[in-house]
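Peer 1: There's a structure below that I have some questions on.
The values are calculated or read from the model by the stated rules, or taken from the named source; none is laboratory data. For clarity, every value in this text was computed on a predicted model and none was experimentally measured. Virtual Cβ from ideal backbone geometry, glycine too; neighbours counted across all protein chains shown. All accessible areas refer to the heavy atoms of the entire protein, side chains included, with ligands and DNA or RNA removed. Shrake-Rupley method; radii C 1.70, N 1.55, O 1.52, S 1.80 Å.
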Amino acid sequence: MRRANGLVALTRAIAAGAGGFTAQHRVVQAAMMSTCSNSNSSQGIFDRLGISSPTVARGVAGIMFFSAAASSLAQEVHAKQAPPSEKILPKDVVLYQYAACPFCNKVKAFLDYYNIPYKIVEVNPISKKEIKWSDYKKVPILTVDGEQMVDSSDIINKLFQRIHQGESIPDSDEESKWRGWVDNHLVHVLSPNIYRSTSEALESFDYITTHGNFSYMERLTAKYAGAVAMYFVSKKLKKKYNITDERAALYEAAETWVDALKGREFLGGSKPNLADLAVFGVLRPIRNLRSGKDMVEHTHIGEWYSRMEREVGEFNGIKA
């Protein structure tokens, strides 16, 4: 009954149209900032935005986070970087995720590159029953040999240290700069692009509802109501992040990354580093969407992306 009430509230909010957009946008914005997050900076966001219905916010949360997209698998199986010794690889790894969440895909790129097997638990974005056991109510959540890890960048740092037996996280100015650029700039460019038009919004939500953990009724509501809502919300996001032309901003970000390579195969040189994995991780879900195809066609990022596909390989995760 609680889940049904959340869906009814969501549908009514979207059906309110332009006259109710401000309140609707607050709900969606709070959901995006609070449920698939790279940091804890959104603590208390619902109160600050004046949202009086946590049920609606939770319902919109997973449904409307920016990154709905089709995952791009490698076309062929290629040899990956030789993994570390089995003795120091985590033995029991479980990722609680939304399939379309960019920060979840950052973590998956790291796990796939290091050939670490992991189980995937797809979280229902409305009930979140799969993470009821955790005090942390965002994704990604990773459990490693029983230890809970949260926040994508922190997860990656801790995994790196485990794999490399306590070795310090690479702290070169270049690598740190571009890891920060991914979280603070690149992810914000993607949302206005994948929801740029009604057809692209529907394409994105078709992926979300196909790969996400939804009941039949939730799937119907999310696909059409969510697509309409995010089409309008994306216009607000453009203004928030000073984006005039969505595609131009996406192409500029892609070329900025290519320029950062300075002719190298990867930012890490002959092998990807953590910045390479972060960029690849957030781009992988959109690769087969219209926005991702346009990006590869109109910029020089395609060669680097293809090299990353070969290095990272296919998803190692299996559904729990």
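Peer 1: Please compute the modelled spin-label separation between Ser134 and Lys262, points set 7 Å along Cα→Cβ, answer in nm with one decimal.
Peer 2: Modelled inter-label distance: 3.7 nm.
Peer 1: Kirkwood Rh and Cα-based Rg: tell me the resulting Rg over Rh for region 113-228, rounded to two decimals.
Peer 2: 1.03
Peer 1: Residues with amide H under 5 Å of Asn273's amide H, sequence separation 5 or more or different chain, H placed in the peptide plane at 1.01 Å from N; which?
Peer 2: Leu267, Gly268
Peer 1: Under the classification rounded if a/c is under 1.5, otherwise prolate if a/b is larger than b/c and oblate if not, where does region 200-291 fall, given a ≥ b ≥ c as square roots of the Cα gyration tensor eigenvalues?
Peer 2: The shape class here is oblate.
Peer 1: Provide the solvent-accessible area of Asp171, counting protein heavy atoms only and rolling a 1.4 Å probe, rounded to the nearest 10 Å².
Peer 2: 120
Peer 1: Tell me, what HN-Hα J-couplings in whole Hz come from the Karplus equation 6.51 cos²θ - 1.76 cosθ + 1.60 at θ = phi - 60° for each residue of region 163-172, using x for Gly and Pro?
Peer 2: Coupling constants for region 163-172: 5, 9, 6, x, 4, 5, 5, x, 10, 4 Hz.
Peer 1: What is the calculated FRET efficiency for Lys158 to Asn288, with r their C-beta to C-beta distance and R₀ = 22 Å, to the nearest 0.05?
Peer 2: 0.10
Peer 1: Here is a follow-up. Could you run the Karplus curve 6.51 cos²θ - 1.76 cosθ + 1.60 with θ = phi - 60° over region 111-116 and give me ³J(HN,Hα) per residue in whole Hz, x for Gly and Pro?
Peer 2: 4, 5, 5, 8, 6, 9
Peer 1: For Lys293, what accessible area in Å² do you get when you roll a 1.4 Å probe over the heavy atoms of the protein chains, rounding to the nearest 10?
Peer 2: Answer for Lys293: close to 110 Å² accessible.
Peer 1: Hey, if we sort Asp145, Asp276, Asp294 by accessible area with the 1.4 Å probe, largest down, what's the order?
Peer 2: These residues rank, largest area first, as Asp145, Asp294, Asp276.
Peer 1: Could I ask something else about it? Just to check I understand the Karplus step: with θ = phi - 60° and J = 6.51 cos²θ - 1.76 cosθ + 1.60, what whole-Hz values come out for region 203-217, glycine and proline as x?
Peer 2: Ordered by residue, 3J(HN,Hα) equals 4, 5, 6, 5, 5, 4, 6, 6, 9, x, 9, 10, 6, 4, 5 Hz.
Peer 1: Could you pull out the GluC sites (Glu not before Pro) across region 117-206 that fall in loop regions by DSSP (anything but H, G, I, E, B) with no more than 14 other Cβ atoms inside 10 Å?
Peer 2: When the GluC sites (Glu not before Pro) of region 117-206 are filtered for loop state and at most 14 Cβ neighbours within 10 Å, Glu167 remain.
Peer 1: Here's a follow-up. Given labels modelled 7 Å from the Cα in the Cβ direction, how far is it in nm from Ile88 to Ser306?
Peer 2: Modelled inter-label distance: 3.4 nm.
Peer 1: Please report, as a whole percent, how much of the solvent-accessible surface of region 240-320 comes from carbon and sulfur atoms (probe radius 1.4 Å).
Peer 2: Answer for region 240-320: carbon and sulfur cover 45 percent of the accessible area.
Peer 1: A further question on this structure: Could you pull out every residue, at least 5 positions away or on a different chain, whose amide H is within less than 5 Å of the one on Lys138? Hs are placed 1.01 Å off N in the peptide plane, and Pro or chain starts have none.
Peer 2: For Lys138, whose amide H was placed from the backbone, there are no distant partners under 5 Å.
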